[in-house]
Amino acid sequence: MKTAKEKELYSNKMLDVYVALIRDKYPEIEIENLMDEAGIENYRRTGDNSLRLCQAQLNRFHERLCMLTDNIRIDREAGRYAVNPECLGMIRSLVLPFVGVRRACGILGKYAGGLTVSSHYTTRYTGKNKIEIVVTPNEGIKEAPFQCEIRQGYFQGLADVFLHNELTVRHPECMFKGGRVCRYELTWRDSAFTILTVLSWLSGAVAITMLIALWITPAAVEPRSLWLICAALLSLCLGWAGQWVKSKVLAKSLRGIHTAKEEMLNQIEINGENSRVLVDIGQVLGIEDPDACSFERAANIVGKKLRYDRVMIMIANDQNMSLSCCGEYGFTEVEKLYIASYRISLEGAGTSEEVFYESFKQNKTILVNDMAWLTQEFPQSLEFVDRIKPRSFIVSPIEVDGEPIGIMIVGNTVTLRRLDKNDTHLVMGVAQHISGVYRRQKHEKQQGEFKRQIVQLQKMEALGVLAGGIAHDFNNILSPILGYTDLCLSICPEENEKMLKYLRRVKNASVQAQDLVAQILAFSRQGEKDYIRCHPGPIIKESLKLLQGSLPKNIKIEIFVRTDLAPVMADPTQIHQLIMNLCTNAYHAMVDKGGLLTVRLDEVHVKESPLEQTRQILPGSYIHLQVVDTGHGMSRAVMDNIFEPYFTTKTEGRGTGMGLPIIKGIIARLKGYIFVDSAEGKGSWFDVYLPQVAENRSVQ
């Protein structure tokens with residue numbers, strides 16, 4: 001129902017089109033029930049144009065009609081149906097083809113504009129056989145998108161009437177897609193169809209009139225009768241000529257319709273074949289092993305299934321600085337050597353005219369059929385064209401979560417067929433399949449890593465509980481051993497050197513065992529420390545001073561530690577333990593041949609990246625501690641186990657295998673991260689990230 005504030009903007013006659021369409025194509029719909037559900041009272045087809053409908057009623061009517069017909073494009077269908085004689089009127093329908101496109105547009109605009117005060121129509125002739133119709137909403141009025149669809153239906157219906165004029169309709173600006181107004185452009189070709197139709201009708205009428213006059217003329221007036229006969233025959237000849245030419249025009253239009261129909265059927269067949277190919281490619285890629293090289297497989301599948309001569313997939317590196325080939329198909333051995341080293345810089349310098357750079361950065365698909373145009377518009381691509389010599393090719397971005405991760409290039413070098421828009425859409429679809437597989441593999445890999453981390457945490461927790469219980473019992477055993485050893489040392493005479501020697505060995509072994517128990521207890525305790533705001537720079541510098549005195553001369557140390565960084569929440573003794581443990585391990589790795597120990601402390605700001613990174617860190621500001629040595633390095637198998645409790649590669653008496661697990665536990669409790677990288681014979685790199693804090697607070 002209408003409220004007092006709603007304006008009546010539309011005539012009841014606007015619904016006549018819908019009612020006629022419903023009665024013709026949807027007779028099962030009860031019109032009275034439809035009107036009641038839309039809140040439209042006393043609808044009846046009258047001859048007046050009084051304003052009785054508001055925008056809300058029209059919106060409800062349209063929404064309900066779409067539901068009943070299950071046709072969301074019912075509005076455009078109604079617009080086209082408006083040119084039907086039942087809606088436009090028999091006289092208008094007969095006259096419309098004879099008045100020409102210009103006048104017909106004016107009549108239609110005036111007819112549509114007379115049914116509403118929500119907007120006004122402006123018609124402007126912008127050139128020969130070109131007219132522009134602008135629909136501007138009145139101030140304070142907000143139309144619905146389906147009303148624009150109705151207007152487009154009007155003009156498409158007009159194009160059906162003037163088919164012989166090849167009338168086309170464009171909609172370059174729409175108020176519902178960011179435009180200020182709705183703008184429609186109609187263009188057509190000149191045609192003699194209208195003149196010939198009028199001539200046929202007039203000639204027929206004249207001929208019939210003359211025959212009637214000849215019938216009623218007295219037979220004695222022979223000269224007048226002769227003139228009437230000649231005029232009638234001439235009119236009949238003109239009418240026949242006009243009808244013959246009109247038939248030719250209609251036959252041409254029918255041939256055009258038949259050609260368009262054949263093209264549409266061919267396009268449907270091509271689209272069906274492309275859809276089947278896309279499904280096949282999706283199924284093959286969908287069963288891809290997550291650990292396999294999906295890009296290499298994808299390039300081969302695309303090349304074989306779609307019969308392109310060349311396929312190349314280029315993916316950006318982790319730093320998003322360059323594109324390199326990760327999969328190819330159809331290249332010769334010489335070309336493979338070239339593309340293996342082919343890189344596309346993404347830093348902008350010297351690449352702004354590169355067609356592949358343009359496709360990646362602008363995230364758009366580019367079809368190239370003219371190599372001369374390519375070298376003129378993108379001269380930086382000349383080297384690639386000279387090497388590969390394609391006849392035509394397509395570049396399509398591969399994106400994951402809205403961000404491009406690479407590009408796919410397909411082209412023909414031997415096949416004469418030029419690529420077209422069908423190939424463009426097909427390649428875009430394949431690129432989406434590849435991005436979907438890449439996303440799935442990435443998530444599966446991340447899930448596997450998360451599961452491994454969970455298992456590791458559970459194992460560490462179980463080991464911590466077990467080690468804590470054993471350490472407490474072992475500590476209870478060590479305490480009397482140390483006590484009685486000290487007592488024996490105090491009462492043992494100094495002359496008995498052999499006894500003193502044995503007792504000191506017992507005490508030294510007990511002290512080492514006590515240190516080991518302390519480490520086990522530190523590993524097993526979770527959350528027993530009180531953390532405060534502390535600056536790691538001075539603590540690390542002080543620890544390194546103590547360490548330098550114990551380093552042999554063949555090991556040099558370089559220190560790049562900033563002391564002006566933001567603080568972290570930690571226990572200072574744990575920071576000391578962390579740096580001493582890492583540097584001691586580095587020292588042990590270089591003790592035989594010497595080397596260089598480098599310690600750096602700075603800050604980093606981590607941002608989110610759409611690409612899969614080797615270091616998964618939450619966004620934020622971190623203190624970055626790096627310890628680098630030039631020792632013997634580690635193999636991949638050793639790197640995978642260095643954080644396992646009691647795992648060590650050191651000789652007996654040098655390590656317990658608890659240092660790095662304790663360090664990892666400390667960093668985890670500080671909500672930080674530790675990463676290790678190493679190369680055998682070159683050294684190891686340990687990177688520690690601890691979150692910075694900006695305000696005073698304490699953490700348990």
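The values are calculated or read from the model by the stated rules, or taken from the named source; none is laboratory data. Please read all numbers here as calculations on a predicted model, not as lab measurements. Here the Cβ is made from the backbone with ideal geometry for all residues, glycine too, and neighbour counts use every protein chain on show. Only protein heavy atoms, including side chains, enter the accessible area calculation; ligands, DNA and RNA are left aside. Shrake-Rupley method; radii C 1.70, N 1.55, O 1.52, S 1.80 Å.
Summary table
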| read-out | value |
| --- | --- |
| Region 330-369, subset out of contact with any strand residue (DSSP E or B) (no Cβ under 7 Å at 6 or more places or on another chain) and open to solvent by less than 40 Å² (accessible area, probe 1.4 Å), residue modelled with the lowest pLDDT | 348 |
| Qualifying positions in region 549-570 - within 42 Å of the chain's Cα centre (by Cα) and charged (D, E, K, R) | 562, 564 |
| Total residues in region 481-502, condition open to solvent by less than 70 Å² (accessible area, probe 1.4 Å) and of a type in the set (Ser, Thr, Tyr) | 1 |
| In region 550-575, residue surrounded by the fewest Cβ atoms within 10 Å (Cβ to Cβ) [restricted to those that are small (Gly, Ala, Ser) and touching a residue at least 60 places away in the same chain (Cβ under 8 Å)] | 566 |
| Unique match (being part of a loop (DSSP other than H, G, I, E, B) and in contact with a helix residue (DSSP H, G or I) (Cβ under 8 Å, 6 or more places away or on another chain)) among 563, 584 | 563 |
| Looking only at region 481-503, and only at residues there that are among the polar types (S, T, N, Q) and assigned to a helix (DSSP H, G or I), the one that is nearest to residue 513 (Cα to Cα) | 485 |
| Search result, residues across region 2-29 that are exposed (fewer than 14 other Cβ atoms within 10 Å of the Cβ), outside any helix (DSSP H, G or I) and modelled with pLDDT of 80 or more | 27, 28 |
| Exclusive hit being touching a helix residue (DSSP H, G or I) at 6+ places or on another chain (Cβ under 9 Å) and either at pLDDT 70 or above or closer than 19 Å to residue 39 by Cβ (or both), set 115, 88 | 115 |
